[in-house]
Amino acid sequence: MRVPLLLVAAAGLAVWAVHSGRITFPPQWNPWAPLDVAAPPDWLTRYKLERTVADPALCRVALQGTALAHTEVEDNPTEDGCGWSDAVRVNDPRFAPSFTLTCSAALSLALWERHALQPAAQRLFGEPVARVEHVGSYACRNVRGTAGEGQRRSQHALANAFDVVGFRLQSGARVSVLRDWPGEGPQAAFLHEVSEGACRFFKGALGPDYNAAHRDHFHLDRGPYRICR
Ligand SMILES: [Zn+2]
């Protein structure tokens, strides 16, 4: 009995020593360090992101550290499964027109844009994405295109989801989810790469491979279910 007890005590002491700051790690090795939105993502980013979005105050601070232009919005009390809380108005020219989105989804969006979207565009096209084309976020409605689940509220009903239909590059060239997803060229490669990239920062990331209702857009959300297709 004594050895397991000693082990438990040693493990507890180690956790206490790290948590209390008596032992310090470089920020990238410390799971309790604040999320650094500019740092290249690593194996701890997901954990830090989940911890950050679980706390509205931490989320606000992290979002302010991103390049995503936004302003505060009042809570819109939830009724019949619709409404929002802890949301912001994203009024960034790269995501125009403006829309309301929960802080957690907005933080995921900013991380995705910085660490997945722009690097993929630079690598495949040699230029940045100038505009993310979307069909908005908030809509008081149920989930579409999922037979048998007709009465479940969509994450859009909580301003917790965002639908992307395409991308406008700096040169003016356009990449369309509907037109280019099934193709073979760099546009298709770009779409598949950024779709996978979305899985790293959002909870739900659905696209044309999920079902026919998503053939023309990426659905990105911060809902309760981890689903990535
Ligand atoms: Zn959607």
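Here are the numbers:
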item: Test: residue in the range 18-36 that is closer than 19 Å to LYS203 by Cα and open to solvent by less than 30 Å² (accessible area, probe 1.4 Å); result: yes
item: Subset of the range 153-174 (residues that are more than 16 Å from the ligand (Cβ to nearest atom) and part of a strand (DSSP E or B)); result: PHE167, ARG168, LEU169, ARG174
item: Subset of the range 195-211 [of a type outside the set (Asp, Glu) and over 16 Å from the mean Cα position of the chain (by Cα)]; result: PRO208, TYR210, ASN211
item: Enumeration of residues in the range 101-112 that are open to solvent by 10 Å² or more (accessible area, probe 1.4 Å) and in contact with a strand residue (DSSP E or B) (Cβ under 7 Å, 6 or more places away or on another chain); result: THR102
item: Given (1) charged (D, E, K, R); (2) near the ligand (Cβ under 10 Å from one of its atoms); (3) modelled with pLDDT of 95 or more, number of the condition ARG144 does not satisfy; result: (3)
item: Residue check, VAL143 open to solvent by less than 50 Å² (accessible area, probe 1.4 Å), assigned by TED's automatic domain parsing to the domain that holds PHE201 and touching a Pro at 6+ places or on another chain (Cβ under 8 Å); result: no
item: Unmet criterion (only one of (1) closer than 26 Å to ARG22 by Cα; (2) open to solvent by 30 Å² or more (accessible area, probe 1.4 Å)) for ASP86; result: (1)
item: PRO119 being in a loop (DSSP other than H, G, I, E, B), open to solvent by 10 Å² or more (accessible area, probe 1.4 Å) and closer than 22 Å to LEU191 by Cα; result: no
item: Test for LEU68: is it out of contact with any His (no Cβ under 7 Å at 6 or more places or on another chain), buried (at least 18 other Cβ atoms within 10 Å of the Cβ), at pLDDT 95 or above and in a helix (DSSP H, G or I); result: no
item: Complete set of residues in the range 186-208 that are open to solvent by less than 30 Å² (accessible area, probe 1.4 Å) and either out of contact with any strand residue (DSSP E or B) (no Cβ under 7 Å at 6 or more places or on another chain) or hydroxyl-bearing (Ser, Thr, Tyr) (or both); result: ALA188, VAL194, SER195, GLY197, PHE201, PRO208
item: Residues of the range 175-229 satisfying the condition of being in a strand (DSSP E or B) and away from the ligand (no atom under 16 Å from the Cβ); result: VAL175, SER176
item: Enumeration of residues in the range 144-194 that are under 19 Å from the mean Cα position of the chain (by Cα) and of a type in the set (Val, Ile, Thr); result: VAL164, VAL165, VAL177, VAL194
item: Cross-chain or 6+ apart pairs with Cβ under 6 Å, the range 179-203 first and free of Cβ contacts under 8 Å to residues at least 60 places away in the same chain and under 14 Å from LEU169 (Cβ atoms), then open to solvent by 40 Å² or more (accessible area, probe 1.4 Å) and in a helix (DSSP H, G or I); result: ASP180/GLN187
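The values are calculated or read from the model by the stated rules, or taken from the named source; none is laboratory data. On a predicted model such as this, the values are computed, not experimentally measured, just so you know. Please note: Cβ atoms are built from the backbone with ideal geometry, for glycine as well, and neighbour counts cover all protein chains shown. Heads up: the accessible areas ignore ligands, DNA and RNA and are worked out on the full protein's heavy atoms, side chains in. Shrake-Rupley method; radii C 1.70, N 1.55, O 1.52, S 1.80 Å.
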